[in-house]
Amino acid sequence: MTTFTALFDACVLYPAPLRDFLLHLSCTGLFRARWTEEIHVEWTRNLLANRTDLRPEQLQRTRDLMNKAVPDCLVTGHMRLVESLSLPDPDDRHVLAAAICGHAEVIVTFNEKDFPAKVLEEFGVETQHPDEFISHLITLDWSMVCRALKNQRASLKNPPRTADELLDTLEQQGLPLSVSQLRPLAELI
């Protein structure tokens, strides 16, 4: 049973290991994951700018697979709200608009400073760093989080990863708290 809705900002979808972990977590039923086509455009544009070895078709395939894997993930109709919102960076207004239209309680982002709590509370939304978000999920149901991570590890073929190697990667992705909670459970991953 889905208990709350989380909107993923582009910055948490940019790095592949974190994106994959969040997607595997999205399939647990612990929460409802949402994003928009605009968020897809932002993370793929930035990734293509920094990784010349990737082609747009590859990332389009990733986007299509993400949308297929997570039912009802795409928020629509949010762009009509953008002009009425005020944030320090006007380019982030589409994210808040998507959170509002997508009935998200939380925006998962590395850029919490770009979404002042005073502005978000008016809409019943808060931000969480992905480490905090995942840590809360571990507290909510550690076994489901371990299962999601085990599924992610099983999907890694080139090269395969041990549980410790995957946890090391996620720690490098900015998840030290979550990894510290998961390391004692490595045999379940």
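Just so you know, all these numbers are worked out from the coordinates, no wet-lab data involved. Keep in mind that what you see is a predicted model, and the values were worked out from it rather than measured. Please note: Cβ atoms are built from the backbone with ideal geometry, for glycine as well, and neighbour counts cover all protein chains shown.
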Take Phe110 and decide whether it is surrounded by fewer than 20 Cβ atoms within 10 Å (Cβ to Cβ) and of a type in the set (Phe, Trp, Tyr).
yes
Residues of the stretch 78-89 being more than 15 Å from Ala10 (Cα to Cα), surrounded by fewer than 19 Cβ atoms within 10 Å (Cβ to Cβ) and either out of contact with any helix residue (DSSP H, G or I) (no Cβ under 7 Å at 6 or more places or on another chain) or not hydrophobic (A, V, I, L, M, F, W, C) (or both), in sequence order, are Arg80, Glu83, Ser84, Ser86, Pro88
Considering only the stretch 108-119, I want to know if a residue exists there that is under 19 Å from Thr28 (Cβ atoms) and in contact with an Asp or Glu (Cβ under 9 Å, 6 or more places away or on another chain).
yes
Heads up, the helices (runs of 4 or more DSSP H) in the stretch 122-189 (entirely inside) with at least 2 residues that are in contact with a Cys (Cβ under 9 Å, 6 or more places away or on another chain) are 130-155
Please determine, by comparing only the residues of the stretch 20-44 that are touching a helix residue (DSSP H, G or I) at 6+ places or on another chain (Cβ under 6 Å) and without any contact (Cβ under 8 Å) to a residue 40 or more places away in the chain, which one is farthest from Gly124 (Cα to Cα).
Thr44
